[in-house]
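Data first, discussion second: the structure below is written as structure tokens.
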Amino acid sequence: MLQSIRHSHPLVYRHFSSLKDGEGHVRRIMELDRYWQRAQDGQREQVVFDGSLLPPGTTFSGEFDLIYVGGTLGVLHAAVMAAIYGWQVLLLDRHIAGKSTRDWNISRDELNTLQEAGLFTGEEIEDCIVCRYKTGWAEFFVENGRKKRLYIDNVLDCAVDANLLLDRALQKMLEHPGNRVCNRTDFRRIYTLADGVAVEAEDENGVTRYYKAGMLVDAMGIMSPVAMQLNDGRPQTHVCPTVGTIARGLEGVDNEVGEILVSTEPADMSAGSGRQLIWEGFPAGGGNYITYLFFYDSVDSDNDKSLLGLFETYFSKLPSYKKPSPGFAIQRPVYGIIPAYFHDGFSQARVIASDRILMIGDAATLGSPLTFCGFGSLLRNLPRLTGMLHEALEERRLDRERLGAISAYEPNVAAMANLMKYMCYNRETDKPNLVNELMNEVMIVLDDLPPRYREAMFKDTLQFEELLKVGMNVALKYPEVLWVTTTKLGLEGSLGMIKNFVGWALSPTR
Ligand SMILES: Cc1cc2nc3c(=O)[nH]c(=O)nc-3n(C[C@H](O)[C@H](O)[C@H](O)COP(=O)(O)OP(=O)(O)OC[C@H]3O[C@@H](n4cnc5c(N)ncnc54)[C@H](O)[C@@H]3O)c2cc1C
């Protein structure tokens, strides 16, 4: 695999050649990049079947209450269902459950829900925090003399060792008899029966096995073929392709401060209709520093959104953000496609459940399209999501309607999707530095308001009146935003925004 990108992606080739498992990472990145073709084709491989089509004489390799497919956020959810509520759980992953291709930043108070859900003690949570920062900031590239560095406290200020956290949760699940994990096992199909589901899976040796359970929890992330089928080939509307490294030997890093959003140049036009590249940088503990490069985009834009291409850009532009010193050494690359869904309606519009099937995490795509903190979204909702599923299992009500109500949908987060659209650059409607100028004005407005506003904005907890106030202040300081709204969002998008806001205003959870 590495050899095949030697000429097409020379910088990725050079850096990944020195990694312990560079070959494996390139394979995994290419696996994720298959998403683009699928999204473009609206590919709808059928994977959900009626039970009558289950091959006759099928025997089961195990029976459980719940089958989880996907071992990232699926692990945390499954651990609560098994260790706290006592349900018997099988967890399948095509790679290794609990080994993620990303690391997480979050605030300390958001981690408390793991304690609230009964999964971890405060000390166990502390063990997984590898670094804490005093503060963080966001800054956008402008040359009009108005550049504002906005300091934000209590946001993304803890670096969590994702693999350690997930490994501990897995241990808690496996301490209880009857629970099982099957690694290197690929989900193939699900058959819905009158009294449960049959899941067809293939192990690394190509052996097909069937498992039975009361229901399936789909935690397959953006690649979920179940989400693809149940959402008519369009499970996401927007994406945030993200790549980066955990590395040592970068110049200009401050080990006590997080850089939450940073842009260093106008929109990059090299990859299609244009993309506003944004950096993030966080101390990662043990002398390491994590840098990310990403951009917001709609799924159907003509930009090259491949992770491999973005990694090439990352290595070529990294010196403009943090200069690698001669001692630059990558510990591990981090990457993924973070999904978003624009809810064009007054409330949740996306399918997240079917009879005996429930999607969580990125498979459900209900996290914030603005902050893209899917881990944070699951944690915020974990006690509620697991508690409601426990009740539905006890009452044996696993129909589409009941499961569909077990949702991480938040009307405030859905409304934020409209702000995300302002971050998606489009050469046809925008001047090259539009996104930076607009975001800089938002930083100026937030800087003038009490700290609660900026904290809530980045933690997805902004109240309706607060967002209105931010919006009005931006319009007063930067009237161009009204024109930008009509050109960037168009009539349909503007109507969608109004619907979202009305839905939020009328929501009982407001
Ligand atoms: C680089 C990066 C950094 C991030 N940083 C943060 C952060 O700081 N804070 C935060 O809150 N959020 C962050 N996020 C978002 C967060 O990581 C995601 O929302 C979260 O990982 C989603 O988890 P998931 O389990 O839903 O999906 P995934 O993480 O995509 O996991 C899906 C799992 O399903 C498995 N799978 C897929 N298909 C199959 C199949 N057919 N059969 C079997 N198994 C299958 C995969 O192997 C994988 O293990 C970041 C994301 C990225 C990409």
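The values are calculated or read from the model by the stated rules, or taken from the named source; none is laboratory data. Every value quoted in this text rests on a predicted model; they were computed, and no experiment measured them. A quick note on method: Cβ atoms are made from the backbone with ideal geometry, for glycine too, and the neighbour counts reach across all protein chains shown.
For the range 182-201, how many residues meet the condition of being among the acidic types (Asp, Glu), surrounded by fewer than 19 Cβ atoms within 10 Å (Cβ to Cβ) and part of a strand (DSSP E or B)? Walk me through it before giving the result.
Let us first name the residues in the range 182-201 that are among the acidic types (Asp, Glu), namely 186, 195, 200.
Still in the list and also surrounded by fewer than 19 Cβ atoms within 10 Å (Cβ to Cβ): 186, 195.
Then drop every residue that is not part of a strand (DSSP E or B), which leaves 186.
Total meeting the criteria: 1.
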Restricting the search to the range 399-450, which residues are closer than 17 Å to residue 471 by Cβ, over 23 Å from the mean Cα position of the chain (by Cα) and of a type outside the set (A, V, I, L, M)? 437, 440, 441, 447, 448, 450
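Those residues that are away from the ligand (no atom under 16 Å from the Cβ) and surrounded by 14 or more Cβ atoms within 10 Å (Cβ to Cβ), I need them from the range 242-253; list them, please. Full working, then the answer.
Taking the range 242-253 first, the residues away from the ligand (no atom under 16 Å from the Cβ) are 248-253.
Answer for the range 242-253, where residues must be away from the ligand (no atom under 16 Å from the Cβ) and surrounded by 14 or more Cβ atoms within 10 Å (Cβ to Cβ): 248, 249, 250, 253.
Yes/no per residue for (1) farther than 19 Å from residue 157 by Cβ; (2) assigned to a helix (DSSP H, G or I):
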residue: 216; (1), (2): yes, no
residue: 226; (1), (2): yes, yes
residue: 244; (1), (2): no, no
residue: 252; (1), (2): yes, no
residue: 264; (1), (2): yes, no
residue: 279; (1), (2): no, no
residue: 291; (1), (2): no, no
residue: 303; (1), (2): yes, no
Could you run through the range 305-315 and say how many residues are of a type in the set (D, E, K, R) and not in a helix (DSSP H, G or I)? 1
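Every residue, every condition in (1) under 29 Å from residue 364 (Cβ atoms); (2) among the polar types (S, T, N, Q); (3) touching a helix residue (DSSP H, G or I) at 6+ places or on another chain (Cβ under 9 Å), yes or no:
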| site | (1), (2), (3) |
| --- | --- |
| 18 | no, yes, no |
| 32 | yes, no, yes |
| 38 | yes, no, yes |
| 41 | yes, no, no |
| 45 | yes, no, yes |
| 55 | no, no, no |
| 65 | yes, no, yes |
Could you list, in sequence order, all residues of the range 33-60 that are surrounded by 16 or more Cβ atoms within 10 Å (Cβ to Cβ) and over 19 Å from residue 231 (Cβ atoms)? 33, 54
Taking only the range 214-241 into account, find how many residues are of a type in the set (Gly, Ala, Ser) and within 15 Å of the ligand (Cβ to nearest atom). 4
When the residues of the range 399-422 are narrowed to those that are touching a helix residue (DSSP H, G or I) at 6+ places or on another chain (Cβ under 6 Å) and among the aliphatic types (A, V, I, L, M), which ends up nearest to residue 484 (Cα to Cα)? 415
Report, ordered by the first and then the second residue, all pairs with beta carbons closer than 7 Å, sequence separation of six or more or different chains, a first member in the range 354-382 that is touching a residue at least 40 places away in the same chain (Cβ under 8 Å) and more than 18 Å from residue 217 (Cβ to Cβ), and a second member that is near the ligand (Cβ under 8 Å from one of its atoms) and assigned to a loop (DSSP other than H, G, I, E, B). 373/367
Kindly indicate the residue of the range 256-279 that is modelled with pLDDT of 95 or more and among the hydroxyl-bearing types (Ser, Thr, Tyr) and also surrounded by the most Cβ atoms within 10 Å (Cβ to Cβ) among those meeting that condition. 263
Say whether the condition of being farther than 21 Å from residue 426 by Cα, touching a Phe, Trp or Tyr at 6+ places or on another chain (Cβ under 9 Å) and within 14 Å of the ligand (Cβ to nearest atom) is met by at least one residue in the range 297-313. yes
Does the range 31-40 include one or more residues that are away from the ligand (no atom under 16 Å from the Cβ) and either within 17 Å of residue 188 (Cα to Cα) or not charged (D, E, K, R) (or both)? yes
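One line per residue, one yes/no per condition, for (1) modelled with pLDDT of 90 or more; (2) within 30 Å of residue 312 (Cβ to Cβ); (3) out of contact with any Cys (no Cβ under 9 Å at 6 or more places or on another chain):
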position	(1), (2), (3)
352	yes, no, yes
385	yes, no, yes
415	no, no, yes
419	no, yes, yes
Inside the range 202-213, can you point out the residues that are outside any strand (DSSP E or B), more than 12 Å from the ligand (Cβ to nearest atom) and on the phi < 0 side of the Ramachandran plot? 205, 207
Has the range 75-87 got any residue that is assigned by TED's automatic domain parsing to the domain that holds residue 361, closer than 30 Å to residue 392 by Cα, out of contact with any Gly (no Cβ under 9 Å at 6 or more places or on another chain) and at pLDDT below 95? no
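If only one of 74, 136 is within 25 Å of residue 221 (Cβ to Cβ) and either outside any loop (DSSP other than H, G, I, E, B) or in contact with a helix residue (DSSP H, G or I) (Cβ under 9 Å, 6 or more places away or on another chain) (or both), which one is it?
74
From the list 126, 110, pick out the single residue that is modelled with pLDDT of 95 or more and either assigned to a loop (DSSP other than H, G, I, E, B) or of a type outside the set (A, V, I, L, M, F, W, C) (or both).
Numbers: 110 fails: modelled with pLDDT of 95 or more.
None of the other options fit; the residue is 126.
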For the range 126-152, name all the residues that are farther than 30 Å from residue 439 by Cα, within 16 Å of the ligand (Cβ to nearest atom) and surrounded by fewer than 20 Cβ atoms within 10 Å (Cβ to Cβ). 129, 130
Being in contact (Cβ under 8 Å) with a residue 40 or more places away in the chain and exposed (fewer than 11 other Cβ atoms within 10 Å of the Cβ), is that true of even one residue in the range 17-32? yes
